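Peer 1: Once you've had a glance at the structure underneath, I'll fire off some questions.
The values are calculated or read from the model by the stated rules, or taken from the named source; none is laboratory data. What you see is a predicted model; the values in this text were computed from it and never measured. Note that we place each Cβ from the backbone using ideal geometry, even for glycine, and neighbour counts take in every protein chain shown.
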Amino acid sequence: MWQTFQPSQLPLGAWIAAGPAGLTSNCQELLRQLPGMTLGIGVTQVDTRFSERPDEGPTVRTQDYIQTAWVDIDGTFEAYWEARGKNLKQNTRKQRNKLRTEGTDTKIECIVTAEEVPKAIADYGALRVLVENRRWYGDPP
């Protein structure tokens, strides 16, 4: 039995498929190519906005899990942010002010093109490493 990796921090499944083929046909093709005797494939937490839920059948079983969080943004980032709750805006302002007093300047960048996404992901990864290192080893001397 094979299944997709599903860490607790990842609310959606780590399933990426190229082309228009559905989940069922992709899994059938994958079954033919996996090593050894494969009895089944478990694909967890697939967002139906991006991959249509397959029909149940003799070899396919689906199960509801959660409704994934989603925020539609139909305007500018400024309009979106202004519509957020008072507590969220106040808490982020407090966090920015605290960081500023500690000597860290912050900024919000709005990514609007597909070409900007790889760098944004790399920047986020570098930030996560920095945060984790500070959590485990403390601030640098």
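Peer 1: When both residues are 6+ apart or on different chains and their Cβ atoms are under 7 Å apart, which pairs have a first residue that lies in region 34-56 and is under 17 Å from A21 (Cβ atoms), and a second that is in a loop (DSSP other than H, G, I, E, B) and not β-branched (V, I, T)?
Peer 2: Sorted first by the residue in region 34-56, then by its partner, the pairs are V43/G13; V43/W15; V46/G13; V46/W15; D47/L12; E52/G22; P54/G22.
Peer 1: Would you point out the residue of region 39-70, among those that are of a type in the set (V, I, T) and within 21 Å of S8 (Cα to Cα), that is modelled with the lowest pLDDT?
Peer 2: Filtering first and then ranking leaves T68.
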